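In what follows, a single structure is set out as structure tokens and then discussed.
The values are calculated or read from the model by the stated rules, or taken from the named source; none is laboratory data. Here the structure is a predicted model, which means the values were calculated and not measured. Cβ placement follows ideal geometry from the backbone for every residue including glycine, while neighbour counts extend to all protein chains displayed.
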Amino acid sequence: MRFLLDQASYEEMKRRKDHTPDCYVRPGEYLHHLYRDGVKYVVARALFECIKEAKANFDNEALAHLMLHKRQLDKLVAEAKAKGDLNGRTMLGDPPPSDEEALKTPTATFKPPVVKSWDDTGLERSFGYEMILRVIYNRGRATGVQIARDLALPYKVIEPLLTEMRQAELIDVVGQRGFSDLNYEYALMKRGTEAVHDALKKTEYNGPAPVPFEVYVQAVEAQSPRYLVVTRRNIREAFKDLIITDAVFNEIGPAINSASSIFLFGYPGNGKTSIAERITRLMGDAIYIPYAVIVEGQIIKIYDTVVHEALDDHTVTREWDYDTRWVRIKRPVVVTGGELTLPMLDLSYNEVGKFYEAPLQMKANGGIFMIDDFGRQQVRPMDLLNRWIVPLEKRYDYLTMVTGKKLEVPFELLLIFSTNLDPHQLADEAFLRRIKFKIEIRDPDEHQWREIWRLVCRAKGIELDEAGLDYMLKRWFYPYNRPLRMCQPRDILNQMISIAKYNMESVTFSPDLIDAAIQTYFVSEEARDFGAAVRLA
């Protein structure tokens, strides 16, 4: 804790009106904290005034809080006096953080080294033969360049294997598509045709060469979100396009630092999913994931174009400075909702191709796995919650292979549950205790709601009319006791834009455009019978 001793700080605290609830003992009572550049201080003079006031009010709860601060201050004063450096001091405690400390982001600690020989791949030579046979079989004929590209390996790495396979009469050169031996065209010989059928019985996987599972485990642990450090300063940069109160920042920041689990709850439309997506902005550099891994001869596909965003195009011919069996991606944000079932959280075996697809949480390693609309899945909430007990406590997960073998997989991600249901209806206290942070995302107040309007109008290049917002509130919100939601400005403005296009007019905050947008946005609360029954079960 840091203490400010000077009169100027006391006057600044009294003058400012932007104090967050944690600046008080209780909201609005016993103000004694001050924030400067995201750093929290105790103002010494205010502390003594609050102690005097609490004693006069016989407020023992407040006194317990304030006297603990005083005890800490007394200790710091005694230490400063012992060193003889109290005179002239305006602050005691930890020194303010430097800009580098306050704004720091994690740097990548893992980069797969370039493969220079087959031994560097960590794969058996016989496995390499089988992969090359499958490539040629699927293509009919293939050049050395095509084989290397399909396996995501440099040609010089597979060149010795091609020579050995020719000597074994598995393949042979049947043509040439350009200069140099890398453009030799290969086809299967009789022995190769027999061998490829044996290879296809093992697996029909035909993609980049897999990475040994042990190397993948090391990479996941090296790129864990646990190394992320969120501060009061850098969190604001990541969330600059969202309107969020300081109180919510103060809950989200420590939750991210835990790199464990978060329960976001509150009414729909207040940005729970948007918050999860912006957390990855704080996670620093990109990470590397393999296209696939191999464990005990079984291949597991990890890279998924649906959930992973690649930052490099490996189809471009160039010298890459890392092993191209890996993909450099943005830290993943994997979001699943009501469609989630328990089987989706285990390895999925492709009976035809004879390889596995990684489950959602394995694809989310290094980033965020968000279970949206929690409580509305096809599986019971407690069954889904129980699935996470071991991963949350041990940081590893057990996945089952078709052989019955259990595979221990790292669980290095931030798990977020998001719901608009009451958490106590979904889980008991024992499980809620295992979820480290429970954060309520509340409705915005009118000031915040108007700020969101300013943001979305600026983003769309539309001039905001405050009088139009006044009309909207008085005509469509106050009379119906409609709550304000974070999503409303964006949604209603989009309605206005669509209607203005239809009317062949520019977007303004005219009462006609506002009325038309609101009437198509909210459902009338008037009870009507359309002649059909609603089936709820």
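Just a few scattered comments:
- A single member of 414, 421 is buried (at least 22 other Cβ atoms within 10 Å of the Cβ) and out of contact with any Cys (no Cβ under 8 Å at 6 or more places or on another chain), and it is 414.
- Test for residue 442: is it part of a loop (DSSP other than H, G, I, E, B), modelled with pLDDT under 95 and under 22 Å from residue 253 (Cα atoms): yes
- Some residue of the stretch 218-236 being of a type in the set (A, V, I, L, M, F, W, C), under 30 Å from residue 454 (Cβ atoms) and touching a residue at least 40 places away in the same chain (Cβ under 8 Å): yes
- Lone unmet requirement of (1) surrounded by 12 or more Cβ atoms within 10 Å (Cβ to Cβ); (2) under 24 Å from residue 273 (Cβ atoms) for residue 305: (1)
- In the stretch 404-427, the residues that are in contact (Cβ under 8 Å) with a residue 24 or more places away in the chain and more than 23 Å from residue 279 (Cβ to Cβ): 405, 407, 422, 425
- Number of positions in the stretch 296-314 that are part of a loop (DSSP other than H, G, I, E, B) and touching a residue at least 12 places away in the same chain (Cβ under 8 Å): 11
- The stretch 444-489, subset among the small types (Gly, Ala, Ser) and exposed (fewer than 12 other Cβ atoms within 10 Å of the Cβ), residue farthest from the chain's Cα centre (by Cα): 467
- Helices (runs of 4 or more DSSP H) contained entirely in the stretch 167-284, each with at least 2 residues that are touching a strand residue (DSSP E or B) at 6+ places or on another chain (Cβ under 9 Å) and surrounded by 19 or more Cβ atoms within 10 Å (Cβ to Cβ): 190-202, 213-222, 246-258, 272-279
- Residues located in the stretch 217-240, provided they are at pLDDT 90 or above and not aliphatic (A, V, I, L, M): 218, 221, 223, 224
- Within the stretch 80-127, considering residues that are modelled with pLDDT under 90, under 36 Å from the mean Cα position of the chain (by Cα) and assigned to a helix (DSSP H, G or I), the one surrounded by the most Cβ atoms within 10 Å (Cβ to Cβ): 102
- When residue 421 is tested against (1) in contact with a Gly (Cβ under 8 Å, 6 or more places away or on another chain); (2) at pLDDT 90 or above; (3) closer than 22 Å to residue 266 by Cβ, just one condition goes unmet, and that condition is (2).
- Residue 355 falls short of the stated requirement of being touching a Lys or Arg at 6+ places or on another chain (Cβ under 9 Å) and surrounded by fewer than 21 Cβ atoms within 10 Å (Cβ to Cβ).
- Among the conditions (1) touching a Leu at 6+ places or on another chain (Cβ under 9 Å); (2) more than 30 Å from residue 402 (Cβ to Cβ), residue 187 misses just one, which is (1).
- For residue 76, the conditions (1) part of a loop (DSSP other than H, G, I, E, B); (2) touching a residue at least 40 places away in the same chain (Cβ under 8 Å) all hold with the exception of (1).
Yes or no, residue by residue, for (1) within 21 Å of residue 269 (Cβ to Cβ); (2) in contact with a Leu (Cβ under 8 Å, 6 or more places away or on another chain); (3) modelled with pLDDT of 95 or more; (4) not assigned by TED's automatic domain parsing to the domain that holds residue 239:
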| site | (1), (2), (3), (4) |
| --- | --- |
| 469 | yes, no, yes, yes |
| 473 | yes, no, yes, yes |
| 480 | yes, no, no, yes |
| 501 | no, no, yes, yes |
| 513 | no, no, yes, yes |
| 526 | no, no, no, yes |
| 530 | no, no, no, yes |
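- Residue match in the stretch 292-300 (condition: farther than 29 Å from residue 230 by Cα and surrounded by fewer than 16 Cβ atoms within 10 Å (Cβ to Cβ)): yes
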